[in-house]
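This report concerns only the one structure given below.
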Amino acid sequence: MNANQIQQDITIIKDMIAKTRRATAQSGLIFVIPGILLIVMVTAIKIFEYMRLSQLVIPTLIISITVVGIVSFIIGITVTGKQKVVTYANHIFGQIWIACGICCIITGFLFPIFKMYNWNLIALVCWPVIGIGFYLTGVIFEIKFVKWAGIVWWFAALVMAFIPGQFRFIVVILTIFFAYILPGLILNRKYKMWSQKNEA
């Protein structure tokens, strides 16, 4: 293999990585819209707790998680459908978040329903899992701020472990906004910038 062939192979690999990053940026809405729905869900649960309507917590969880799952699925299908070629990295990205989603449904939804522990502990159980999803996404696509978002989820879980339950709501909202919605907005903005460069 001569130097020109090696250079061509390197160029092809770099081009594939660039395309994969653009596709990932396009999928930023997967984080933005579900993130907003999660904030609405958490706020509603906190209001029910304040009004001593604990019987509405589980129905709210069921409805909210179902809606978030459906919306995420629709966005994922839409984004995938726009891609001419699905790279291996994109496939791994999808599988990671499917695995994290299933884990969160089991530990943050089914276990509280089966009364294995109180629903107030959902964030403590799910946050490290979501952190893994973000960190691995950042590693795969070499996007540093996404990796840092994963670290924020882990740090938030540690913080919630050492503060009173009534203050966890604030940490939950801040984490969802700064480490879920905000990375999605940044990814989506990067996708638009790449699209404008390609059109120019």
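The values are calculated or read from the model by the stated rules, or taken from the named source; none is laboratory data. Values in this document were obtained by computation on a predicted structure and should not be read as measured data. Cβ: placed from backbone, ideal geometry, glycine included. Neighbour counts: every protein chain shown.
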Under the condition of being of a type in the set (S, T, Y) and outside any helix (DSSP H, G or I), which residue from the stretch 74-124 is modelled with the highest pLDDT?
Y117
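For W127, state whether it is under 14 Å from the mean Cα position of the chain (by Cα), crowded, with 19+ Cβ neighbours inside 10 Å and assigned to a helix (DSSP H, G or I).
Working: under 14 Å from the mean Cα position of the chain (by Cα): yes; crowded, with 19+ Cβ neighbours inside 10 Å: yes; assigned to a helix (DSSP H, G or I): yes.
Taking the combined requirement at face value, the residue satisfies it.
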Name the single residue that is farthest from A179 (Cα to Cα) among those in the stretch 153-166 being under 16 Å from the mean Cα position of the chain (by Cα) and crowded, with 21+ Cβ neighbours inside 10 Å.
A156
Could you list, ordered by first residue, the pairs with Cβ atoms under 7 Å in which the first is in the stretch 109-125 and without any contact (Cβ under 8 Å) to a residue 24 or more places away in the chain and the second is surrounded by fewer than 19 Cβ atoms within 10 Å (Cβ to Cβ) and part of a loop (DSSP other than H, G, I, E, B), at least 6 apart or interchain?
F111/Y117
Filter result for the condition that a residue is over 26 Å from L187 (Cα atoms) and among the small types (G, A, S), over G165, G133:
G165
Provide a single number: the residues in the stretch 46-61 that are in a helix (DSSP H, G or I) and free of Cβ contacts under 8 Å to residues at least 24 places away in the same chain.
9
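Would you mind stating whether G138 is over 22 Å from V71 (Cβ atoms) and either part of a helix (DSSP H, G or I) or touching a strand residue (DSSP E or B) at 6+ places or on another chain (Cβ under 6 Å) (or both)?
Working: over 22 Å from V71 (Cβ atoms): yes; either part of a helix (DSSP H, G or I) or touching a strand residue (DSSP E or B) at 6+ places or on another chain (Cβ under 6 Å) (or both): yes.
Considered against the rule, which asks whether it is over 22 Å from V71 (Cβ atoms) and either part of a helix (DSSP H, G or I) or touching a strand residue (DSSP E or B) at 6+ places or on another chain (Cβ under 6 Å) (or both), G138 comes out as yes.
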Inside the stretch 51-78, can you point out the residues that are among the hydrophobic types (A, V, I, L, M, F, W, C) and crowded, with 16+ Cβ neighbours inside 10 Å?
V57, L61, I65, V68, V71, I75
Across the stretch 42-77, what is the total count of residues that are more than 17 Å from V32 (Cα to Cα) and under 15 Å from the mean Cα position of the chain (by Cα)?
0
